[in-house]
C-alpha cells in the first residue's frame, strides 16, 4: 500500500493488478463505469459505502481503504493552507478532546 497515492490512484492500481475492467468493478460497486472512472481520476470522491464491496473484491482490510480515503479528504481540505503541520496537530488534539468529551457525556452515574 502506498499511502501517498490518492484513493482513486490506489483503486486504479488494485483494479489493474487484478486485471479487472472498469465495468466489472463498477458493477460490484453498483455504480456507473463513468462514475468509477471519475473516482480513479480524482474528479469525484468515493464514499465509505464502497468499502465492503472493495474489501471483498480485492481482499483488502476496510481500515486500509478508510485510511487512504479519509486522509485524502483531510489533505485536500488543507492543501492550500500555509500551516498544514500546525493544523494537523491541533486537529489531532481536538479529535482526542471530542472523543473524551463524548465518552464522558455518554456515561451514566448510577450511584
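What follows draws every value from the coordinates through simple rules; no lab data is involved. If you're wondering where the values come from, they're calculated on a predicted model, not measured in any experiment. A quick note on method: Cβ atoms are made from the backbone with ideal geometry, for glycine too, and the neighbour counts reach across all protein chains shown.
Just a few scattered comments:
- Largest mean-square fluctuation among 28, 94, 48, in a Gaussian network model of the chain whose springs join Cα atoms under 10 Å apart, belongs to 94.
- Efficiency of FRET between residue 19 and residue 48 - r from beta-carbon atoms, R0 30 angstrom, step 0.05: 0.70
- Folded to 0 to 90 degrees: helix 62-78 orientation relative to the chain principal axis, Cα: 70
- Computed over the chain: relative contact order in percent, which uses C-alpha pairs under 8 Å that are six or more apart: 23
- Fully extended contour minus Cα-Cα distance, from residue 4 to residue 104, at 0.36 nm per residue: 32.4 nm
- Angle in degrees between helix 7-17 and the longest Cα principal axis of the chain, rounded to the nearest 10: 40
- Gain in span if fully extended, residue 27 to residue 82, counting 0.36 nm per residue against the direct Cα distance: 15.7 nm
- For the stretch 1-65, relative contact order (Cα pairs under 8 Å, six or more residues apart, normalised by length) works out to 31 percent.
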